[in-house]
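Before any comments, here is the structure.
Since every read-out is calculated from the coordinates, none of them should be taken as a lab result. Keep in mind the model is a prediction, meaning the values are calculated, not measured. Using ideal geometry, Cβ is built from the backbone for each residue, glycine included, and neighbour counts are taken over all protein chains shown.
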Amino acid sequence: MTAPGHTPSASAPVSSTITIPVAAHPDAVESVASSPRYFQAHPVLRRVVYVIGYEGLSVFFTVFVMSGMLGHGGGQSTLTAVLLSTTATIWNYVWNSLFEMFEHRTGADGRGALARAVHAVGYEGGVLVFTIPLVAILLGVTLLEAVMIETGLLVFFLVFTVVYSWAFDRVFGLPASASR
């Protein structure tokens, strides 16, 4: 994805040729020119859709963990999950914007395992700075207990972030910043 308002330069490829076997003739190959994916031309919309899906699933999983596994009441868990999600949503947008600006400036070509790991660790590390004090206040626990709760959620969400980002890119295509 590119920075808001950025249009790929004239030198950036706008389409690529892919080869698809024709079903009627298994040995035949048809060349199809693919056009840029819709979200490559609309980076802000791509980020919004990404965040809505990510945070919606995050609230669900957080409520489940806090109420089912940690024993906090459903209302308390839901309020905490919604406020954590709101905090994470703001950070998510900021982090993805920064990460994509970095990709664009460095001329990234795709997103390998290292880029995905850096993306996930950067996001989760940044969100912890904001959410640990929030968990302590909302759940009435010490900062140490909040760190332990957030550490457990962190382990889950590190994996979730990588899987969700990979699946999102598979469904909606890579952002323009990573698909040169």
Fill in the blank from the handout: In whole Hz, the Karplus estimates of ³J(HN,Hα) for the stretch 104-120 (6.51, -1.76, 1.60; θ = phi - 60°; x where Gly or Pro) are 5, 5, 8, x, 3, 10, x, 10, x, 4, 5, 4, 5, 5, 4, 4, 5
Practice task
At 0.36 nm per residue, minus the direct Cα-Cα distance, what do W166 and R116 gain on full extension? Give it in nm, one decimal, please.
Solution key: 17.2 nm
Problem - Test item: Cα-centred dipole of the stretch 63-180, Lys/Arg +1 and Asp/Glu -1 on Cβ, debye - result: 240
Fill in the blank from the handout: Diffing the stretch 76-84: the Karplus 3J(HN,Hα) column from phi (6.51, -1.76, 1.60, θ = phi - 60°), in whole Hz with x for Gly and Pro, holds 5, 5, 5, 4, 4, 4, 5, 5, 5
Handout entry: Positive-end residue of L114, G152, V59, charge dipole of the stretch 39-157 with Cβ unit charges
Key = L114
Problem - Residues listed by number, the stretch 100-138, amide nitrogen under 20 Å from L158 label point at 7 Å toward C-beta - result: 112-133
Practice task
Rank these for me by crowding, F160, F64, going from fewest to most other beta carbons within 10 Å.
Solution key: F64, F160
Completion exercise
One finds, for F60 and R105 with R0 = 30 angstrom and r their Cβ-Cβ distance, a FRET efficiency to the nearest 0.05 of 0.25
